[in-house]
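The values are calculated or read from the model by the stated rules, or taken from the named source; none is laboratory data. Here the structure is a predicted model, which is why all the values come from computation and not from measurement. Cβ placement follows ideal geometry from the backbone for every residue including glycine, while neighbour counts extend to all protein chains displayed. Surface accessibility is based on the protein's heavy atoms, side chains included, excluding ligands, DNA and RNA. Shrake-Rupley method; radii C 1.70, N 1.55, O 1.52, S 1.80 Å.
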Amino acid sequence: MKYIDTLLPFWKELKRYQTADFRADLVAALTVTPVAVPQAMAYALMAGVHPQYGIYACMLPVVVAALWGSCRFLAAGPTNATSIVLLSTIGSATVGGVAIAGLPPSYQMTCVFTITLLCGMIQVAMGLARLGDLANFISQSVMQAFATGTALLIASSQIETVLGLPDSHSSGFFLPVWSAIQRIDQVNIWCVGIAALSIFLVELCRRISRRLPSTLLALVGAGVFSWLIDAGNKGVALVGTIPSVIPPISRLPLDVTIYRDLFMPALALALMGAVTSLSTGKQLAGLKGDRFDGSQELIGQGLGNMAAACTSSIVGCGSFSRSALVVTSGARTRMATVLSGLLALPMLWLIAPFMSWLPLSALGGVLLTVCVRMVDVPGLRLCFKATRIDRTVLLVTFAATLLLALEQAILLGVLLSLILFIFKLAHPRVFRLSRHDPMMQHAPEPLPDEIAVYIIEGTLFFGAINELERRIYEETDTPVRVIVLHLARVFWLDAAGTHSLEQFVERCHERHIPVILVVGSRSVHDILKRTGMLSYLGKGFVAPTFADGLKLGFRTFHRLQSDERLHLPKLPPSKRKQSRHVHHPHQHHKSRNK
């Protein structure tokens, strides 16, 4: 039974599924599907492929991702982020030395399905490797910059469609804008009017009620208007008929070289989709108090993309807008999203005859409204004002999004986030308490300048100990007689950190400066005990609480003041011999206390 729950994570919910749950989930699915299908069409257009491949992505991939995912409300499918990365990949990636954009349309789609398959396999591998907490390492500045840059890229990719200009196959942000400016005299006023109409209808429906399928109603209105004015004969590009209502089985290549050439674009897409799905899933699970397993969600999203690759669909990930609609529509279980995927096929049967009258500029107008909502002005302002590091990461990632290939910008953003995380990890907060600090209320008497009390917060490992020593050596001109190190806020300490701490204490003892360690953390206490640090110092130089540490510090200081001979512990001969061969980064400093 345990293996069934592992292989089929939805099995527990199905066993206790009731009629009332089905009714609530069906209502939610009927609300979500009319929104999901036209959105997917628009995102497929954004990716540079026929809208039919977006509609196919609303079917089997959605069902698979919902059944094998962790969050019961997360709805997968094409999104703005994955579609714009896919567009960038089609414009910049090569297969066998030939650009994908220069290949015949049928072979282009073979490459798209291959990228989707690789993306799904990478995400499944990430889930099996228990990398579900990946989203925690991506900084807010990177996500804000990427969302803003992506919004501008989407807008620039649709400018030719909205203006009715022939597709120049330009990629990036600047080239499509410059191409449109050069051909401004060729603008089709009917395309501009239809795009403006779709934008107006979307905003009107959103003003009336957020529960209305604004995208669907806007496209219906634009399609009716297109039919009334016979837009096809006025130079307006139309979606046209869908060749097959049922998703056809994809033809995937057998040549290993193709998979090798497309691996890096697929990796960027997998990372982008993973971060988006994990952050959205965690947020939705927290809203309902559900337990969220990020690794299981990665497996679900990966299996969904693998199903998409086999059924002529484009890559997708967890969508916040559709997932939020699932929640607000009263869904109770993951079956709401499953039913939404199942209802997409009969809905496609209904709307397929009317697709030939749907203008591409109407879809472009819908995407422009998506771009505006993607820009989070308060979030950008917060990242810009927070710290200099956040501001730098924000600007660098934003510039990379506009100037580099999008998959390169994603990898750069992830790399910046990891570097920022390591930088923060390697630089613990080390600060000296003044006599007026509120924490000094535990002191038995006023703190003299000769007693230096340091608070250490963060991680002490081989890269972080240099920061500790640098801060401690930056002392005032007043000679320090006793040092109290408060380690209670150190949450992790490794062997190299312990060894460096021993060296520091030994150097202080050589200068006849006693060191009192306050070790309140159980894990840090156990590590220091196992490595022999506590037995080396002895009871007179280790305290369990800050108040006890201050008392020991004052007692030691008074003994030094009374010229009482104080026997400081020394390292065992083996450790002392080892420390002589270790270079100290601050050996060139001359002690002011000698």
### Query
Exactly one of (1) out of contact with any helix residue (DSSP H, G or I) (no Cβ under 6 Å at 6 or more places or on another chain); (2) closer than 24 Å to LEU269 by Cβ; (3) free of Cβ contacts under 8 Å to residues at least 40 places away in the same chain is unmet by LEU7. Its number?
(2)
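Only one of VAL224, VAL192, VAL245 is among the hydrophobic types (A, V, I, L, M, F, W, C), touching a Leu at 6+ places or on another chain (Cβ under 8 Å) and open to solvent by 40 Å² or more (accessible area, probe 1.4 Å); which?
Selected residue: VAL192, the only one of VAL224, VAL192, VAL245 that is among the hydrophobic types (A, V, I, L, M, F, W, C), touching a Leu at 6+ places or on another chain (Cβ under 8 Å) and open to solvent by 40 Å² or more (accessible area, probe 1.4 Å).
Which is over 30 Å from CYS111 (Cβ atoms) and small (Gly, Ala, Ser), of GLY289, GLY304? Write out each step before concluding.
Details: GLY304 fails: over 30 Å from CYS111 (Cβ atoms).
From the options GLY289, GLY304, the qualifying one is GLY289.
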### Message
It is to be established whether one or more residues within the stretch 95-117 are aromatic (Phe, Trp, Tyr) and in contact with a strand residue (DSSP E or B) (Cβ under 9 Å, 6 or more places away or on another chain).
### Response
yes
#### Entry: Sole exception among (1) modelled with pLDDT under 85; (2) surrounded by fewer than 21 Cβ atoms within 10 Å (Cβ to Cβ); (3) among the aliphatic types (A, V, I, L, M) for VAL370, by number
(2)
### Message
Take the residues in the stretch 397-409 that are open to solvent by 60 Å² or more (accessible area, probe 1.4 Å) and aliphatic (A, V, I, L, M); name whichever of them is nearest to the chain's Cα centre (by Cα).
### Response
LEU404
### Query
Can you name the residue in the stretch 248-293 that is more than 28 Å from LEU415 (Cα to Cα) and basic (Lys, Arg) and, of all such residues, is surrounded by the fewest Cβ atoms within 10 Å (Cβ to Cβ)?
ARG291
### Query
Inside the stretch 383-396, can you point out the residues that are open to solvent by 70 Å² or more (accessible area, probe 1.4 Å) and in contact with an Asp or Glu (Cβ under 9 Å, 6 or more places away or on another chain)?
PHE384
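Within the stretch 318-358, which residues are aliphatic (A, V, I, L, M), in contact with a Gly (Cβ under 8 Å, 6 or more places away or on another chain) and under 10 Å from VAL32 (Cα atoms)? Break it down into steps so the answer makes sense when it comes.
Step one: filter the stretch 318-358 for residues aliphatic (A, V, I, L, M), giving 324-327, 331, 335-336, 338-339, 342-345, 347-348, 350-352, 355, 358.
Narrowing the set further to residues that are in contact with a Gly (Cβ under 8 Å, 6 or more places away or on another chain) leaves 355, 358.
Passing the criteria: none in range.
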### Message
Return the residues of the stretch 487-515 that are open to solvent by less than 10 Å² (accessible area, probe 1.4 Å) and within 17 Å of PHE557 (Cα to Cα); say none if nothing qualifies.
### Response
VAL505, CYS508, ILE513, PRO514, VAL515
### Output for the stretch 233-249, where each listed residue is farther than 21 Å from PRO346 by Cα and touching a residue at least 24 places away in the same chain (Cβ under 8 Å)
LYS234, GLY235, VAL236, ALA237, LEU238
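Inside the stretch 207-219, can you point out the residues that are hydrophobic (A, V, I, L, M, F, W, C) and either more than 18 Å from LEU325 (Cβ to Cβ) or in contact with a helix residue (DSSP H, G or I) (Cβ under 7 Å, 6 or more places away or on another chain) (or both)?
At the first step, the residues of the stretch 207-219 found to be hydrophobic (A, V, I, L, M, F, W, C) are 208, 212, 216-219.
Once the filter is applied, which keeps residues that are hydrophobic (A, V, I, L, M, F, W, C) and either more than 18 Å from LEU325 (Cβ to Cβ) or in contact with a helix residue (DSSP H, G or I) (Cβ under 7 Å, 6 or more places away or on another chain) (or both), the stretch 207-219 yields LEU212, LEU216, LEU217, ALA218, LEU219.
Name the one entry in MET272, MET306 that is closer than 26 Å to PRO247 by Cα, in a helix (DSSP H, G or I) and modelled with pLDDT under 85. Step through it out loud before you land on a result.
Details: MET306 fails: modelled with pLDDT under 85.
Checking each option against the conditions leaves just MET272.
Going by what's in this entry, would LEU131 be described as over 22 Å from TYR56 (Cβ atoms), open to solvent by 20 Å² or more (accessible area, probe 1.4 Å) and not polar (S, T, N, Q)? Working first, answer last.
On the way: over 22 Å from TYR56 (Cβ atoms): yes; open to solvent by 20 Å² or more (accessible area, probe 1.4 Å): yes; not polar (S, T, N, Q): yes.
So LEU131 fits the description; yes.
Within the stretch 500-515, can you find the residues that are in contact (Cβ under 8 Å) with a residue 24 or more places away in the chain and part of a helix (DSSP H, G or I)?
Kept after step one, since they are in contact (Cβ under 8 Å) with a residue 24 or more places away in the chain, are these residues of the stretch 500-515: 500-509, 511-515.
Passing the criteria: SER500, LEU501, GLU502, GLN503, PHE504, VAL505, GLU506, ARG507, CYS508, HIS509.
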### Tally, over the stretch 197-215, of residues that are farther than 22 Å from THR328 by Cα and surrounded by fewer than 16 Cβ atoms within 10 Å (Cβ to Cβ)
1
### Message
For PRO34, only one of the following conditions fails: (1) modelled with pLDDT of 85 or more; (2) within 18 Å of LEU325 (Cα to Cα). What is its number?
### Response
(1)
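Please go through the stretch 516-562 and give me each residue that is farther than 17 Å from ARG489 by Cβ, open to solvent by less than 60 Å² (accessible area, probe 1.4 Å) and either outside any helix (DSSP H, G or I) or touching a helix residue (DSSP H, G or I) at 6+ places or on another chain (Cβ under 9 Å) (or both), ordered by number.
Residues of the stretch 516-562 that are farther than 17 Å from ARG489 by Cβ, as a first pass: 529-541, 551-562.
Adding the requirement that they be open to solvent by less than 60 Å² (accessible area, probe 1.4 Å) leaves 531-534, 536-538, 540-541, 552-554, 556-557, 560.
Result: THR531, GLY532, MET533, LEU534, TYR536, LEU537, GLY538, GLY540, PHE541, LEU552, THR556.
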### Task
Pairs only if they're at least six apart or on different chains, beta carbon under 8 angstrom, first in the stretch 172-184 and of a type in the set (Ser, Thr, Tyr), second assigned to a helix (DSSP H, G or I); list them, first residue then second.
SER179/GLU160
### Task
Consider PHE354 carefully, then state whether it is open to solvent by 10 Å² or more (accessible area, probe 1.4 Å), among the aromatic types (Phe, Trp, Tyr) and under 13 Å from ARG72 (Cα atoms).
no
